[in-house]
Amino acid sequence: MVEARQRTMERILTSSGLLTQDQLNTALEEQRKEKGRLEKVIVRLKLATMDQILDLIATQMGMKRIKLEDYKFTEEALKAISARTAHLYKVIPLKKTKKTLTVAMADPFDIRSLDDLSLLLDCKVKGMVASEDEVMKAIERNYGLVEESVEEMVAGMGEELEVIHEEEGAEELEEIADEAPIIKLVSLIILQALKERASDIHLEPFEKTFKIRYRIDGVLHEKTPPPKRFQAPMLSRIKIMAGMNIAERRLPQDGRIMLKMLGRDIDLRVSSFPSLFGESIVMRILDKSSVMLGLGEMGFLSDHEELFDSLIRRPNGIMLVTGPTGSGKTTTLYAALNKINTTDVKLITVEDPVEYHVSGINQTQVRPKIGLTFARCLRSILRQAPNIIMIGEIRDVETAEIAIRASLTGHLVFSTLHTNDAPSAVTRLVDMGVKPFLVASSVAGVMAQRLVRTICPECREAYEPSTKDLLLLNKKKKEDLKEGKLYRGKGCMACARTGYRGRTGIFEVMPVTDRIRDLILEKAPSTVVKARAREEGMRTLREDGFLKVAMGQTSIDEVLRVTQADIE
């Protein structure tokens, strides 16, 4: 059937004149490398749009074409087929009458599916042409992300699961946590988070509810929770998977889960924390693909990329990256290390924990329980004769002083600090107890960063900027903007109606110049250091964010959400 579909698709594309034979051959050559559907390859190569291809298929197949982005699905139509059937046949019902069901099809060539559905439902089934992405997103939105949604799964469990409460013994709780329904429910929650691009999963017990929230593009979204009675066995199941002690519920614990889902190796970092109504568990999903990003892909504008590149190629000194948890500091450091990781240099990292494994880099994880701290690792690292050292975080004066000593003896050192902006990092080291002359002589540069959500490309629309918008962006007139417009997301199925999909970085890069070194030696406050850095051309986080607003990448509200007001 796959071969017949391919031949039909090739014939339709060339006989209609949409593609020349040479263009088709180019697409077929690319398809052999990718192993994907021909129409998706054609769109990626910009030989035709998906709308053009689908309109053509609809005409050739004698079907109607429909766009599902803003389609209002009725409950009556959706009840016509089950979630399992919708996923199996990749169709979603549009309209139901007494004798006919109309469905949108992900594959209009699959006429056999319509015959199967007719027999299954005992009615005539008509197909309409829609894009595969739109159909699958509509199924996910209306039925759930897998054959069963969490809600269906819980409803189907009924009374087959005898729930044991947290007060019960660990043995009983472990026994029920290993039962098939609980295993399936926990797996479903993780799978749904992966499909929705969540960075972490929060399971939070309250007095009468058991909440589940996913952090997507940096913002928490609440999901339909399972009943409160499943709280104890679900949390125990996660702790068993993470190798944690399920009998210990009074102290925080950390663990790790390694899974294979959706054809990917998934690494979950699990943290439990005792709360008033049970343990709160957070599972952080580590995306190994993010460490392979280049600086340009992370959102650096050309001038910032050039400046940052010059700082990370110095022979010695300390380069600090600052920002709150979840602002992408680790990803930035790995992107920098990947760029300078060559066969003629030795790189060693000391991390807590090692989040990503990178070929060609010697990585060490600290273990405070056995005395393997950042400081102890660093003292031994220097005997390994590295060229470049990455320290996961400078947390105390001892670690800071050893890092400084390493930089002064010819090593390039990368590390992170938790400060609000770049200038605050140098004053923070002094506040820790590091002597100002050591900070001034060792720190080569500091970069602060945040992540902002990018406008969804599927529902992006232009609008006229207001006077307030222009004032915020420091633009005198709207003609100073790209095409004289600002952009926002309307909200669609692709972005779960948020108007945003994906994130990019905004940055504040401060090289430590002679004038800034003088201020550090004088123990000047961070506000004075920041004012001097701005005089020397430093662009603040908010200013960098507003540049990306003017470029149509993000919105004013999003930049304001993650940045603080700049000093004048």
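The values are calculated or read from the model by the stated rules, or taken from the named source; none is laboratory data. Predicted, not measured: the structure shown is a model, and the values here were computed from it. In this analysis, Cβ positions are derived from the backbone assuming ideal geometry, glycine residues included, and neighbour counts consider all displayed protein chains. All accessible areas refer to the heavy atoms of the entire protein, side chains included, with ligands and DNA or RNA removed. Shrake-Rupley method; radii C 1.70, N 1.55, O 1.52, S 1.80 Å.
Worth a mention:
- 5 Å binning of all Cα-Cα separations within the range 491-561, expressed as whole percents from 0 upward: 3, 14, 20, 15, 13, 11, 8, 6, 5, 3, 1, 0
- Against the chain, whose longest principal axis comes from its Cα atoms, helix 302-312 is set at around 50 degrees.
- Sequence of Glu10, Glu536, Glu306 when ordered by accessible area, the most exposed leading, probe 1.4 angstrom: Glu306, Glu536, Glu10
- Principal-axis tilt of helix 132-143 within the chain, Cα atoms, nearest 10 degrees: 90 degrees
- Unpartnered cysteines - no second Cys beta carbon under 4.7 Å - across the chain: Cys123, Cys377
- Solvent-accessible ranking of Tyr71, Tyr487, Tyr463, largest area first, probe 1.4 Å: Tyr71, Tyr463, Tyr487
- For the chain, the relative contact order is 9 percent, taking Cα pairs closer than 8 Å that sit 6 or more residues apart in sequence and dividing their mean separation by the residue count.
- These residues, Val135, Val528, Val219, go from largest to smallest accessible area, 1.4 Å probe, as Val528, Val219, Val135.
- Accessible-area value, Asp352, 1.4 Å probe, nucleic acids and ligands omitted, Å²: 70 Å²
- Magnitude of the charge dipole for the range 477-568, about its Cα centre and with charges confined to Cβ atoms of Lys, Arg (+1) and Asp, Glu (-1), is about 580 debye.
- Just so you know, the Cα atoms of the range 238-352 work out to an Rg and Dmax of 18.6, 55 Å.
- Taking amide H as placed 1.01 Å from N in the peptide plane, Lys64 has its amide H under 5 Å from the amide H of Val129, each at least 5 places away in sequence or on another chain.
- Heavy atoms of Ile402: accessible area, 1.4 Å probe, square angstrom to 10: 10 Å²
- Among beta bridges identified by DSSP and lying wholly in the range 367-507, the antiparallel ones come to about 75 percent.
- Principal axis analysis of the Cα atoms in the chain yields extents of 84, 68, 50 Å, listed in decreasing size.
- Hz values of 3J(HN,Hα) by residue in the range 52-68 - Karplus curve (6.51, -1.76, 1.60), Gly and Pro given as x: 4, 5, 5, 4, 5, 4, 4, 4, 5, 8, x, 10, 8, 9, 9, 9, 9
- With Cα atoms, 0 to 90° folded angle of helix 231-241 axis to the chain main axis: 70 degrees
- Here the accessible area of the chain is 49 percent carbon and sulfur, with a 1.4 angstrom probe and all protein chains present.
- Charging the Cβ of each Asp and Glu at -1 and of each Lys and Arg at +1, and nothing else, the dipole of the chain about its Cα centre rounds to 1140 debye.
- The 3J(HN,Hα) values that the Karplus relation (6.51, -1.76, 1.60; θ = phi - 60°) gives for the range 543-559 are, in residue order, 5, 5, x, 5, 4, 6, 5, 4, 7, x, 8, 9, 10, 4, 4, 5, 5 Hz. Gly and Pro appear as x.
- Pairs exceeding a 27 Å alpha-carbon distance, out of Lys67/Lys99; Lys223/Lys490; Lys67/Lys260: Lys67/Lys260.
- Computed lengthening from Asp254 to Asn474, 0.36 nm per intervening residue step minus Cα-Cα distance: 74.6 nm
- Segment Glu536..Leu120, full-extension length gain: 142.5 nm, with 0.36 nm per residue of separation and the alpha-carbon distance subtracted.
- Under 5 Å, built H, 5+ apart or other chain: amide partners of Leu417: Val321, Thr322, Gly323
- Cross-link pairs exceeding 18 Å in C-alpha to C-alpha distance, out of Lys40/Lys195; Lys46/Lys90; Lys98/Lys137; Lys79/Lys124; Lys239/Lys329; Lys64/Lys95, comprise Lys40/Lys195; Lys46/Lys90; Lys98/Lys137; Lys239/Lys329.
- Whole-Hz ³J(HN,Hα) from phi, Karplus 6.51 cos²θ - 1.76 cosθ + 1.60, for the range 389-395, glycine and proline x: 10, 10, 10, x, 6, 8, 10
- Glu458 contributes an accessible area of around 110 Å² to the protein surface, as traced by a 1.4 Å probe with all chains present.
- DSSP-defined antiparallel bridges as percent of all bridges, the chain, nearest 5: 65 percent
- Taking every alpha-carbon pair under 8 Å whose residues sit at least 6 apart, the range 398-476 reaches a relative contact order of 27 percent.
- Paramagnetic label reach from Leu521 (point 7 Å along Cα→Cβ; backbone nitrogen cut-off under 13 Å): within the range 420-445, residues 436-442.
- The alpha carbon convex hull volume per residue for the range 340-409 rounds to 92 Å³.
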